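Structure incoming, see below.
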Amino acid sequence: MKFILSFIFLKLCLLTNLTADNFKFSSEYLEYDVYWKFLNLGKIRVWTRVEGDSVYSKIHVESNPYIFFVSVNYTFESKFHKENLFDSYLNVYEVKSGVPLKTVFSREGNGIIARQFDMRNGEIIGQKSISRPDRYYHGITAFFAARKLCGTGVMVYLPLLFATEEKFERPPFIVRIENVRFDFPEKKEIVKISSVDSEIQTIEFNGYASFVSKELAGITGEFSGWLSDDWARVPIKATFNTFLGVVRLELSKWEKSGWNPPLKTN
């Protein structure tokens with residue numbers, strides 16, 4: 001799917017200062033259980049440290065080792081300015097065929113370069129580059145962009161950086177930018193999750209990804225999320241389409257100063 005880039009990025013520039021009225025960055029640890037029907041597929045853990053205007057965030061995605069038909073184990077990390085989520089670096093850690101790998105995605109001039117390293121000796125295995133003079137997000141910064149924009153009543157296409165495996169490429173991946181639709185209606189909803197006895201007040205958003213993320217269980221198509229209806233905009237629940245069908249994420253643990261899920265009031 002191709003969009004008129006000048007229009008997209010004009011809109012994104014206008015959205016830079018558009019933020020949910022009471023959203024605030026703060027350090028946190030968030031943990032999610034991932035379910036397919038009633039089967040626990042694995043966990044997603046998110047660590048975020050805020051120091052002044054800088055935000056460091058790390059996300060670890062790991063499938064349940066007792067489930068044979070899903071195998072996912074990735075760690076993502078990035079650092080960015082809390083008022084500028086564009087063009088930040090992204091490090092991805094994984095193990096393939098017993099070899100620990102680190103892939104670094106970074107802006108260099110008018111392009112994006114991905115360099116993959118063997119972490120045992122620091123040697124470069126290979127690199128890929130694409131021309132990209134315009135701004136982009138990646139998975140971590142999109143996670144925070146959604147929290148900033150939730151409840152603002154806008155619809156945007158966020159240009160999202162990702163890499164996908166291709167067997168005949170050397171190194172065996174390609175780098176792409178895909179535009180993902182996010183809708184942020186002013187829609188509040190009460191949701192229930194397993195880790196909290198009471199119902200939680202949330203704000204809903206939804207969207208659509210036209211690409212397939214083969215490395216993350218084939219995530220594609222429509223998705224929805226529910227964020228806490230308060231200053232923290234903590235993701236409480238989400239649903240995604242995958243090769244298994246619809247999977248859901250539920251907040252299971254959290255450590256965040258001054259915050260607990262906002263419970264439904266009578």
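The values are calculated or read from the model by the stated rules, or taken from the named source; none is laboratory data. Bear in mind the structure is a predicted one, so any value in this text is a computation, not a measurement. Every residue, glycine among them, receives a Cβ derived from its backbone with ideal geometry; neighbour counts consider all protein chains shown. Accessible surface areas use protein heavy atoms only, side chains included; no ligands, DNA or RNA. Shrake-Rupley method; radii C 1.70, N 1.55, O 1.52, S 1.80 Å.
Only one of Asn84, Asn73, Asn91 is without any contact (Cβ under 8 Å) to a residue 24 or more places away in the chain and within 23 Å of Tyr137 (Cβ to Cβ). Can you tell me which?
Values: Asn84 fails: without any contact (Cβ under 8 Å) to a residue 24 or more places away in the chain; Asn73 fails: within 23 Å of Tyr137 (Cβ to Cβ).
The unique qualifying residue is Asn91.
A quick yes/no check of all residues on (1) more than 16 Å from Gly207 (Cα to Cα); (2) modelled with pLDDT of 95 or more; (3) touching a Leu at 6+ places or on another chain (Cβ under 6 Å):
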| position | (1), (2), (3) |
| --- | --- |
| Met119 | yes, yes, no |
| Pro133 | yes, no, no |
| Gly139 | no, no, no |
| Phe143 | no, no, no |
| Tyr157 | no, no, no |
| Leu161 | yes, no, no |
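Report yes if Arg120 is open to solvent by 60 Å² or more (accessible area, probe 1.4 Å), touching a residue at least 60 places away in the same chain (Cβ under 8 Å), on the phi < 0 side of the Ramachandran plot and part of a loop (DSSP other than H, G, I, E, B), otherwise no.
Numbers: open to solvent by 60 Å² or more (accessible area, probe 1.4 Å): yes; touching a residue at least 60 places away in the same chain (Cβ under 8 Å): no; on the phi < 0 side of the Ramachandran plot: yes; part of a loop (DSSP other than H, G, I, E, B): yes.
It is false that Arg120 is open to solvent by 60 Å² or more (accessible area, probe 1.4 Å), touching a residue at least 60 places away in the same chain (Cβ under 8 Å), on the phi < 0 side of the Ramachandran plot and part of a loop (DSSP other than H, G, I, E, B).
Still on this structure: Of a type in the set (S, T, N, Q), modelled with pLDDT of 90 or more and surrounded by fewer than 16 Cβ atoms within 10 Å (Cβ to Cβ), is that true of Asn110?
So Asn110 passes the test.
Look through Ser57, Ser88, Ser129, Ser26 and report the one residue that is open to solvent by less than 60 Å² (accessible area, probe 1.4 Å), small (Gly, Ala, Ser) and part of a strand (DSSP E or B). Show your work before the answer.
On the way: Ser88 fails: part of a strand (DSSP E or B); Ser129 fails: open to solvent by less than 60 Å² (accessible area, probe 1.4 Å); Ser26 fails: part of a strand (DSSP E or B).
That would be Ser57, the only listed residue that is open to solvent by less than 60 Å² (accessible area, probe 1.4 Å), small (Gly, Ala, Ser) and part of a strand (DSSP E or B).
A further question follows. Any residue at all in the range 11-26 that's modelled with pLDDT of 90 or more and touching an Asp or Glu at 6+ places or on another chain (Cβ under 7 Å)?
Within the range 11-26, not a single residue is modelled with pLDDT of 90 or more and touching an Asp or Glu at 6+ places or on another chain (Cβ under 7 Å).
For every residue, the table says whether it meets (1) within 17 Å of Val46 (Cα to Cα); (2) modelled with pLDDT of 95 or more.
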| position | (1), (2) |
| --- | --- |
| Glu77 | yes, yes |
| Asn91 | yes, yes |
| Glu94 | yes, no |
| Val99 | no, no |
| Ala114 | no, no |
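Tell me, which strands (runs of 3 or more DSSP E) wholly within the range 177-266 include 2 or more residues that are within 26 Å of Phe38 (Cβ to Cβ), more than 14 Å from the chain's Cα centre (by Cα) and of a type outside the set (S, T, N, Q)?
Where strands (runs of 3 or more DSSP E) fall fully within the range 177-266 and carry at least 2 residues being within 26 Å of Phe38 (Cβ to Cβ), more than 14 Å from the chain's Cα centre (by Cα) and of a type outside the set (S, T, N, Q), they are 188-191, 200-213, 219-228, 245-255.
To continue, here is another question. Suppose we filter Ile190, Ile203 for residues that are at pLDDT 95 or above and open to solvent by less than 30 Å² (accessible area, probe 1.4 Å); which single one remains?
Ile203
Residues are listed down the side, and each one gets a yes or a no for (1) over 14 Å from the mean Cα position of the chain (by Cα); (2) farther than 22 Å from Val234 by Cα:
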position: Glu51; (1), (2): yes, no
position: Asn64; (1), (2): yes, yes
position: Phe69; (1), (2): yes, yes
position: Val72; (1), (2): yes, yes
position: Ser78; (1), (2): no, no
position: Asn91; (1), (2): no, yes
position: Gly98; (1), (2): yes, yes
position: Leu101; (1), (2): yes, yes
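Kindly indicate whether Ile140 is touching a Ser or Thr at 6+ places or on another chain (Cβ under 6 Å), closer than 23 Å to Val61 by Cα and open to solvent by less than 10 Å² (accessible area, probe 1.4 Å).
yes
Starting from residues that are of a type in the set (Phe, Trp, Tyr) and open to solvent by less than 40 Å² (accessible area, probe 1.4 Å), keep the ones in the range 214-266 and report whichever is farthest from Lys187 (Cα to Cα).
Trp259
Based on this model, can you work out whether Lys148 counts as open to solvent by 20 Å² or more (accessible area, probe 1.4 Å), out of contact with any Pro (no Cβ under 8 Å at 6 or more places or on another chain) and closer than 26 Å to Val46 by Cα?
For Lys148, the condition - open to solvent by 20 Å² or more (accessible area, probe 1.4 Å), out of contact with any Pro (no Cβ under 8 Å at 6 or more places or on another chain) and closer than 26 Å to Val46 by Cα - is not met.
Now, a different point. Of all the residues that make up the range 61-74, how many are open to solvent by less than 30 Å² (accessible area, probe 1.4 Å) and in a strand (DSSP E or B)?
Going residue by residue through the range 61-74, those that are open to solvent by less than 30 Å² (accessible area, probe 1.4 Å) are 61, 63, 67, 70, 72.
So of that shortlist, the ones also in a strand (DSSP E or B) come out as 61, 63.
Qualifying residue count for the region: 2.
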